[in-house]
Structures are given as C-alpha cells and as structure tokens.
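**Q** Below: one structure in structure tokens.
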Amino acid sequence: MHVLNGNRSSYIIDAAAGGFPVCCHWGGPIASPSNNLADLHLRDRSFFVHSGAGTDRIQPELLPLECSWPGEGDFRQSMVDIRQGGEPLCGFRVSSVRSEAFSAPAQLPGFLRKGDEQNLVIALTDDHTGLVLELRYAMIAEHDAIVRSLVIRNETDRSVSVERAFSARVQLPPGVQDILHLPGAWARERNIERRRPGTGTFSFGSLRGASSHSFSPSAALLADGTGERSGECYGFSLVYSGNFLFSAETDQDGGMNILMGLNPEGFSWNLAPGEVFETPELVMIHADDGLGGLSRRFHRFTRERILPGRWAERARPILLNNWEATYFDFDEEKLGRIIDSASELGIELFVLDDGWFGERNNDTTSLGDWFVNRNKLPGGIEAVARKAHEAGMQFGLWFEPEMVSEESELFRQHPDWCLHIPGRERPEGRNQLVLDLCRGEVRDALFASISEILDTGLIDYVKWDMNRSAAPLYSPAYSDEPMGNCAYRYAAGLYGLFGRFTAAYPDILFEGCSGGGGRFDAGVLAYMPQYWTSDNTDAYDRIAIQEGTSIFYPPVSMGSHVSAVPNHQTGRLSSPAFRFAVAAAGNLGYELDPLSLGVEERLEISWQIAFYRKHRKLIQGGDFYRLEPSGVGEHAWITVARDGSEFMLFWFHPEGAVNRAPSRLRLFGIDSASSYLEEAEGKLYGGDELIHHGLIHNWGDAGGLSLIRYFHAEGERLR
Ligand code: DGJ
C-alpha cells in the first residue's frame, strides 16, 4: 500500500491487484492502513472480462483504477488511449513505485513546490512495447491537496499516437452522489449548478481553445446531504486554460469514476521514440467539513501554491478602469481630467483600457498594432503614465496580445500568422482572428512589440484580455502533424509568453481577462494573481457570479468593480452602498467616469476607498465563508482573520420582500469564546451568540440593500 497523508485526509493506493493501480481509499485519515482496504475490490463476478490467470486473474472493470485503457476488460471511459500503427497499447502493469520529487510540466504551469510535498510516481509499463505511463502524485498535507498528472514516455522504438491522456482518473467511494460545477456564459459566469447525475456519464468541458465562460475547469463531488458547513466532498481544479473535459461516469454498481484533463475531442499527439508528453496538473482536495471547508482549502492552496509567490500576499491596489467611463472615446486631455479626479478620490491605480493603440476607435481594427495612437495621445503612453504617477497613482495598460484584426498593420505584414486552414475562410469573432501562438516567431514578435512599451518602466499593471474563442484550432506551421495537437500547442505557447512576460517584468501586476471571466482558471492564476471576474458589473448579478467563483477561487483573485447606474449591461439601478458592498468582497476597483459624479457620490466613494484600504489585509487575506441567511433570496459572506480576531460581514438583500420577519444570520468560522465589537453601531456581541443565535437585521420591504460591517474581538475572551 502506498499512503499519502494529508492533515485530515488519506489517499491510499495499491498496486498489488495483478499490477493494476487502484485507489483503496480517498477520504478521512487512516493512521495505519491494513490490507483489508483492498477487500472491496477482490471479487469475481459473472459476465466480467478478466485478464491474467490463476491468482493473477483480474476483472479490471471491478477495480477502482487509478489509470485505465481500453482493450483489457475495463469498459468504462478510459484515461489513456495510445496507438502504435493503429494498434491500441493495452498491457500496462505497475513496473515501479518511487517516492521521488518531480517538477512541473515543462511547458505548462504547475503548483509551487516548497519541498514539503509527499511525492509518489507510479510507473506502468506496457508489456508488449515498453511504453511507460507515469502517474504522478504530490500530497500537500496542510491543504489536504493531491496534485496529479500523467506523463507518457515513449521508450519504444516507434512513434505512437496519443488519442486520450487525462491528467487523472479516480473512483469515488459510495455515497458521493451530487456534482457541483460552474456553468455560465458571457456576463453570467460561474453560476452554481448542483445536480444528481444518476447512472451513466455526465461531462462538461471546452473546445474553444480556452477554458471559457461556458464551463469552468473545476468541479466538486458531494456526498448526500453535504452542505456549506458539514459533509464530505471532493474538489477538482485543473491547472490549465485550454480545451478540457470533466467526466463523471456512474457505473452499474454506483461507483463514480472521475476523469479530468485534456479534452480528447479533436486531440491527437504524435509521440516519437524518446519523447515525453506531459498533461496538465490536476488539484484534487478532500474536505470533511462541507463545501465551505472545500472552498477554504482551495482558496488557501491557490494563494499559497498557485498564485505567483511574490504577489500572493501583496496588497492589491484599488484601481479605476476607464472602459465603462469612455469606451473608445478618449484623448489625452480627457484622461488627464479623469486621472486627477480619480486621484482625489483615493484611487491607487489608473488603468487605460482598450483603444489607445494603432487606429483603434472601435472594435473592428488594430489588434496587433501595439504602438500608441498619437492622434488620441500625442504625448504617447509616457505622458498618460507620467500624469498618473504625478497624481500619486500607479499606471496600468490594456493589451489583447493573442489577437489580430484583419484591419491592422500586423495582419497586412503577416496574413499567415493567425490560426487558419490555408485556402479556407477564416471565421472571425468580434472582428478578430486568433494569432498562431504555436509558432515561436509569432510569440517572439509579440514579446518584442509589447516589451517596447513595458520597457519604458512606466507600466505598473497590465490587463491581458482575450475576446474570442479559437476556430479553427489549426496551425499550418504544424501541417505535418495531426490537427489534434494545436489546442495543446496553443496553450503551451500562451503559457510560454505568460512566463516570459512575468519573468521579465516581475514588478508588473498582471490581471487576466477574457471578455470578463472567460478564462478564469488556475492555469492563468499561476501567472496572473487576479482576474476580471465578469463584464457584468451589475451588483445584483455579481452576487451570484462572485459566489460561484468563490467555490474554487479566493476573493483576492476576483477583480470586482463599482460601476455607474443605470448599469451598462442590465440597465438596473442600485445604490452606491449596495454596489460597494458587493465589489468590496473581492479585489476592489471602479469602472466609472469620476467626472460624472456629484459631490455626495464623491464623498461616498472617498469613504469607501478609505474603508477598504483600512480593512484590505483582512478582506484580501482572510478566510472566506458563505453563510445562509434566513431571508428569502438573501446572500451573506464573511471574511475572517486567520486568528479569529476580526471579520468583515457582507450581507445582501437584493430583492424586496414585503411583510417579512427580520432576517437572522448565524455565523460560523469566528471564535465562539471571543466578544466582537461591531464598529459602525458600537454593539458588542458574544462569538457564541453570533454562532448559535445569530445576527438579527430588519431590512424592511425594499430590496437592493446591503450591510458591510466590520467586527473585531474585544477583551479577554479571545483565544
Ligand atoms: C472585454 C473586457 O472584459 C472589458 O473589460 C474591456 O477590456 C473590453 N474587452 C475592451 O475591449
């Protein structure tokens, strides 16, 4: 038995079942596992195909396999499918088990290694060809997180074609019944969907070249009855931003078999002798304390092991972005006035969004031409950046590096630099084509042109946008290889660029964006510590978007901005307090024209900024709890300091509710033995009182209301 122990969980693998690797246990901690754990799997049943003979006789379909392939009697969906000359490779058996450290995939992001991981590499060798599959495991005990990946080594003397290569396969124990995931669309990303799939296969994924708005590369599996505060659950989050697939197959015995990783649809990889193929890393976390416990483990893991180390704990600046203030309609003078006005409010970073380059006055032109539009900005980016710096703010700039407009100098010079099939129509989205990041010269040219601006030393922040899905996923540069390699090569090329920029400009804060939150995933977060959560800035809609996002991603990673009313996406009106309370739960910014604000609004925003600055460390670094208020349609969250000494409450009453009793909100995650002073009203509460009785609030009938309240521990009851 091979045991990986987390603080509150164990993952136990056995390779004794005829050389098939099986998961004997993934769940609560087991101090001294015995061979009894394998009993469940040693059956011999009618109508199952077996391999081997005598004592080696195995019916693979009865095993909770850690890796599977077609052709030997496991009829569930396979983790790998590898062919040599058309013949499937199907004789893999465990050939070695080693506890050796391994590095992140060479071309893909990986979690931060700190030397405290328990590592395991299980090698499987195909008896006929000698091809090797390496199942890699790293347990990070303090987070109960296991990071898995698959590496394929072609140690044969002929090429193979890899048709399927998921990062991991695992069979969950009986009792796990519900799937929770985060489907969405542009402007309504990551809404929570919980469903009971029943027998058969439930899957979701992306073929868009990016993880996408439609499906997030993350999922949780929940035991019957698991809620926010209690129950067992299992979470999966792929450190990858390209085509992916999550699949949960509930078999005839109720076993739920999970596969997650590269989407096999359209995938095919030619692996020559001596070559190695690496799959993305998959983070798998077990929690015994409900969905909330799972989220907090993912949040801490993401902050400590995914976000670039130098940014993980750094305070994120409060920014003002000019997109909804001006769209494409700005010049140097107007920006100057916005900058002065924003600085008076206390804004810390001014971000110049789309429209500053080439001849970009609308979205039909100039992507790829990363030089300033002197008609709009005669003094160049330098003048605007200096203006922001002189006003005491940092300066940030928008790019959409992966794209090219047909109407651009770049396209005129290099019409073949986009993904396309020669001789066929090139499908556009938002009037643009996707650059072929599979090609080194395209990446080099992008790096060079964007670096010219970053090298001025005047840029403190970059917003890296991406506004269309990739089609066709075909690079003519690799026409001698199967088309199925393009999605992976594109992702690897993209990460190569991310890595180059973030290494060359370590002090620039990069924020990811894809038409809002279309590529919000652990792969991007490994380079960019924050992400624009959604183009929908309506505070009502943002509650669901941010709550959904919080299942796997920490609030500090979510760009959340206060915008103008009527809201530009929905036309809805809401109070400044409500808009602030929602935005302040994440990484605060403003997405409005400060010149259009009245005196009262300016005073209010100055207060908001001062309040957020005062409590930023708590909000950005604390532990996040989703609570369950008693009122219909209400939502509430708290962020609690790690030592329980303070917390911030965000409580929303979005819809009016006529003639209702006062709402009650029972807290958890705070210290029951402390007394907490709520600052605004000067009221003192016992922690036990807040936990067991709750906070009572009378909203009245109106909707669109919110409370944002700061509590800190008082007196000696603090532990
Ligand atoms: C989409 C982004 O999500 C917006 O915030 C803005 O940057 C636009 N693109 C600009 O084109």
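The values are calculated or read from the model by the stated rules, or taken from the named source; none is laboratory data. On a predicted model such as this, the values are computed, not experimentally measured, just so you know. Methodologically, a virtual Cβ is constructed for each residue, glycine included, from the backbone with ideal geometry; neighbour enumeration extends over all protein chains shown. All accessible areas refer to the heavy atoms of the entire protein, side chains included, with ligands and DNA or RNA removed. Shrake-Rupley method; radii C 1.70, N 1.55, O 1.52, S 1.80 Å.
**Q** Give me the pairs, please: first residue somewhere in the stretch 395-413 and over 19 Å from E441 (Cβ atoms), second residue anywhere and small (G, A, S) and buried (at least 22 other Cβ atoms within 10 Å of the Cβ), beta-carbon distance under 6 Å, and either six or more positions apart or on two chains.
**A** Correct list of pairs: F395/A385; F395/A388; S405/S366.
**Q** Which residue is most open to solvent (accessible area, probe 1.4 Å), if the candidates are limited to the stretch 564-586 and must be in contact with a Lys or Arg (Cβ under 8 Å, 6 or more places away or on another chain) and under 26 Å from K334 (Cβ atoms)? I'd like the intermediate steps shown before the answer.
**A** The first filter runs over the stretch 564-586 and keeps only residues in contact with a Lys or Arg (Cβ under 8 Å, 6 or more places away or on another chain), leaving 565-566, 582-583.
Within this subset, residues satisfying the condition of being under 26 Å from K334 (Cβ atoms) are 565-566, 583.
Working: V565: 56, P566: 75, A583: 3 Å².
Result: P566.
**Q** Just to be sure before I move on: is A544 surrounded by fewer than 24 Cβ atoms within 10 Å (Cβ to Cβ) and either over 24 Å from R443 (Cα atoms) or under 18 Å from the mean Cα position of the chain (by Cα) (or both) in the structure I sent? Reasoning before the result, please.
**A** Numbers: surrounded by fewer than 24 Cβ atoms within 10 Å (Cβ to Cβ): yes; either over 24 Å from R443 (Cα atoms) or under 18 Å from the mean Cα position of the chain (by Cα) (or both): yes.
Yes; evaluated as a whole, the condition is true for this residue.
**Q** Consider S230 carefully, then state whether it is open to solvent by 10 Å² or more (accessible area, probe 1.4 Å) and either within 21 Å of I146 (Cα to Cα) or of a type outside the set (F, W, Y) (or both). So that I can check it myself, show each step before the final result.
**A** Numbers: open to solvent by 10 Å² or more (accessible area, probe 1.4 Å): yes; either within 21 Å of I146 (Cα to Cα) or of a type outside the set (F, W, Y) (or both): yes.
Judged against the criteria, S230 is a match.
**Q** Next question, about the same structure. Suppose we filter the stretch 666-685 for residues that are open to solvent by less than 60 Å² (accessible area, probe 1.4 Å) and touching a Lys or Arg at 6+ places or on another chain (Cβ under 8 Å); how many remain?
**A** Residues of the stretch 666-685 that are open to solvent by less than 60 Å² (accessible area, probe 1.4 Å), as a first pass: 667-678, 682, 685.
Pick out the ones that are also touching a Lys or Arg at 6+ places or on another chain (Cβ under 8 Å) and you get 668, 671, 673-675, 677-678.
Looking only at that region, the number is 7.
**Q** Here is a follow-up. Has the stretch 590-598 got any residue that is charged (D, E, K, R) and under 30 Å from S341 (Cα atoms)? Give the derivation first.
**A** To start, the set of residues in the stretch 590-598 that are charged (D, E, K, R) comprises 591, 593.
Those left that are additionally under 30 Å from S341 (Cα atoms): 591, 593.
Checked the stretch 590-598: at least one residue is charged (D, E, K, R) and under 30 Å from S341 (Cα atoms).
Here's the yes/no breakdown for (1) in contact with a helix residue (DSSP H, G or I) (Cβ under 8 Å, 6 or more places away or on another chain); (2) crowded, with 17+ Cβ neighbours inside 10 Å; (3) part of a loop (DSSP other than H, G, I, E, B); (4) not acidic (D, E):
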site: Y11; (1), (2), (3), (4): no, yes, no, yes
site: D14; (1), (2), (3), (4): yes, yes, no, no
site: C23; (1), (2), (3), (4): no, yes, no, yes
site: P33; (1), (2), (3), (4): no, yes, yes, yes
site: N36; (1), (2), (3), (4): no, no, no, yes
site: T55; (1), (2), (3), (4): no, no, no, yes
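**Q** Among the residues of the stretch 160-167, is there at least one that is under 20 Å from the mean Cα position of the chain (by Cα), at pLDDT 95 or above and small (G, A, S)? Talk me through it step by step, then tell me what you get.
**A** The initial filter retains those residues of the stretch 160-167 that are under 20 Å from the mean Cα position of the chain (by Cα), namely 166-167.
Add one more test, that the residue is at pLDDT 95 or above, and what stays is 166-167.
With small (G, A, S) added as a condition, the list becomes 167.
Yes: the stretch 160-167 contains one or more residues that are under 20 Å from the mean Cα position of the chain (by Cα), at pLDDT 95 or above and small (G, A, S).
**Q** Moving to a separate point now. Within the stretch 355-381, can you find the residues that are touching a Leu at 6+ places or on another chain (Cβ under 8 Å) and β-branched (V, I, T)?
**A** I381
**Q** Test each condition in (1) free of Cβ contacts under 8 Å to residues at least 24 places away in the same chain; (2) surrounded by 19 or more Cβ atoms within 10 Å (Cβ to Cβ) for E100 and report the one that comes out false.
**A** (2)
**Q** Oh, and also: For the stretch 627-639, state whether one or more residues are open to solvent by 20 Å² or more (accessible area, probe 1.4 Å) and within 16 Å of the ligand (Cβ to nearest atom).
**A** Taking every residue of the stretch 627-639 in turn, none turns out to be open to solvent by 20 Å² or more (accessible area, probe 1.4 Å) and within 16 Å of the ligand (Cβ to nearest atom).
**Q** Determine the pairs where a residue that is of a type in the set (K, R), located within the stretch 449-478, has a partner that is away from the ligand (no atom under 16 Å from the Cβ) with Cβ atoms under 7 Å apart, the partner being 6 or more residues away or on another chain.
**A** Correct list of pairs: empty, since none qualify.
**Q** Hey, another quick one. How about the stretch 208-227: which of its residues are within 14 Å of S247 (Cβ to Cβ) and in a loop (DSSP other than H, G, I, E, B)?
**A** Across the stretch 208-227, the qualifying residues are F215, P217.
**Q** Please state which one of R45, R76, R93 is assigned to a strand (DSSP E or B) and either basic (K, R) or exposed (fewer than 12 other Cβ atoms within 10 Å of the Cβ) (or both). Explain how you work it out, then say what you get.
**A** On the way: R45 fails: assigned to a strand (DSSP E or B); R76 fails: assigned to a strand (DSSP E or B).
On inspection, the qualifying residue turns out to be R93.
**Q** Are there any pairs with C-beta distances below 6 angstrom linking a residue in the stretch 307-332 that is touching a residue at least 60 places away in the same chain (Cβ under 8 Å) and open to solvent by less than 10 Å² (accessible area, probe 1.4 Å) to a residue that is within 16 Å of the ligand (Cβ to nearest atom) and hydroxyl-bearing (S, T, Y), with the two at least 6 apart or on different chains, and if so which?
**A** Cβ pairs passing all conditions: L320/Y590.
**Q** Let me ask something else. Out of all the residues in the stretch 361-378, is one or more of a type in the set (S, T, Y) and in contact with a Phe, Trp or Tyr (Cβ under 9 Å, 6 or more places away or on another chain)? Walk me through it before giving the result.
**A** At the first step, the residues of the stretch 361-378 found to be of a type in the set (S, T, Y) are 364-366.
With in contact with a Phe, Trp or Tyr (Cβ under 9 Å, 6 or more places away or on another chain) added as a condition, the list becomes 366.
Looking for residues that are of a type in the set (S, T, Y) and in contact with a Phe, Trp or Tyr (Cβ under 9 Å, 6 or more places away or on another chain), one finds at least one in the stretch 361-378, hence yes.
**Q** Hey, another quick one. Please work out which residue is farthest from the ligand (Cβ to nearest atom), limiting yourself to the stretch 347-377 and to residues that are under 20 Å from S563 (Cα atoms), open to solvent by less than 20 Å² (accessible area, probe 1.4 Å) and not in a strand (DSSP E or B). Quick ask: steps written out before the conclusion?
**A** Taking the stretch 347-377 and keeping what is under 20 Å from S563 (Cα atoms), we get 347-355.
Adding the requirement that they be open to solvent by less than 20 Å² (accessible area, probe 1.4 Å) leaves 347, 349-355.
Applying the additional criterion that residues be not in a strand (DSSP E or B) yields 347, 353-355.
Numbers: I347: 17, D353: 5, D354: 4, G355: 8 Å.
Selected residue: I347.
**Q** Which residues, taken from the stretch 233-254, are in a loop (DSSP other than H, G, I, E, B) and either at pLDDT 95 or above or open to solvent by less than 10 Å² (accessible area, probe 1.4 Å) (or both)? Talk me through it step by step, then tell me what you get.
**A** We begin by selecting, within the stretch 233-254, every residue in a loop (DSSP other than H, G, I, E, B); these are 239-243, 251-254.
Passing the criteria: V239, Y240, S241, G242, N243.
**Q** Residues in the stretch 547-568: is at least one free of Cβ contacts under 8 Å to residues at least 60 places away in the same chain, more than 15 Å from the ligand (Cβ to nearest atom) and among the aliphatic types (A, V, I, L, M)?
**A** Checking the stretch 547-568: at least one residue is free of Cβ contacts under 8 Å to residues at least 60 places away in the same chain, more than 15 Å from the ligand (Cβ to nearest atom) and among the aliphatic types (A, V, I, L, M).
**Q** Can you find even one residue in the stretch 299-320 that is within 16 Å of the ligand (Cβ to nearest atom) and out of contact with any Leu (no Cβ under 7 Å at 6 or more places or on another chain)?
**A** As a first pass, look at the stretch 299-320 and keep what is within 16 Å of the ligand (Cβ to nearest atom): 319-320.
Narrowing further to those that are out of contact with any Leu (no Cβ under 7 Å at 6 or more places or on another chain): 320.
Looking through the stretch 299-320, at least one residue is within 16 Å of the ligand (Cβ to nearest atom) and out of contact with any Leu (no Cβ under 7 Å at 6 or more places or on another chain).
**Q** Shifting gears a bit: Would you kindly identify the strands (runs of 3 or more DSSP E) lying entirely within the stretch 624-713 that contain at least 1 residues that are touching a Pro at 6+ places or on another chain (Cβ under 6 Å), under 22 Å from S550 (Cα atoms) and modelled with pLDDT of 95 or more? Full working, then the answer.
**A** Values: elements: 635-640, 646-653, 663-665, 675-678, 683-686, 695-697.
Qualifying strands (runs of 3 or more DSSP E): 635-640, 663-665.
**Q** Take the residues of the stretch 527-572 that are out of contact with any Gly (no Cβ under 6 Å at 6 or more places or on another chain), assigned to a loop (DSSP other than H, G, I, E, B) and of a type in the set (D, E, K, R): which is nearest to P308 (Cα to Cα)?
**A** D538
**Q** So is C67 within 22 Å of I152 (Cβ to Cβ), part of a loop (DSSP other than H, G, I, E, B), open to solvent by less than 20 Å² (accessible area, probe 1.4 Å) and of a type outside the set (D, E, K, R) or not?
**A** Working: within 22 Å of I152 (Cβ to Cβ): yes; part of a loop (DSSP other than H, G, I, E, B): yes; open to solvent by less than 20 Å² (accessible area, probe 1.4 Å): yes; of a type outside the set (D, E, K, R): yes.
Yes: the conditions hold for C67.
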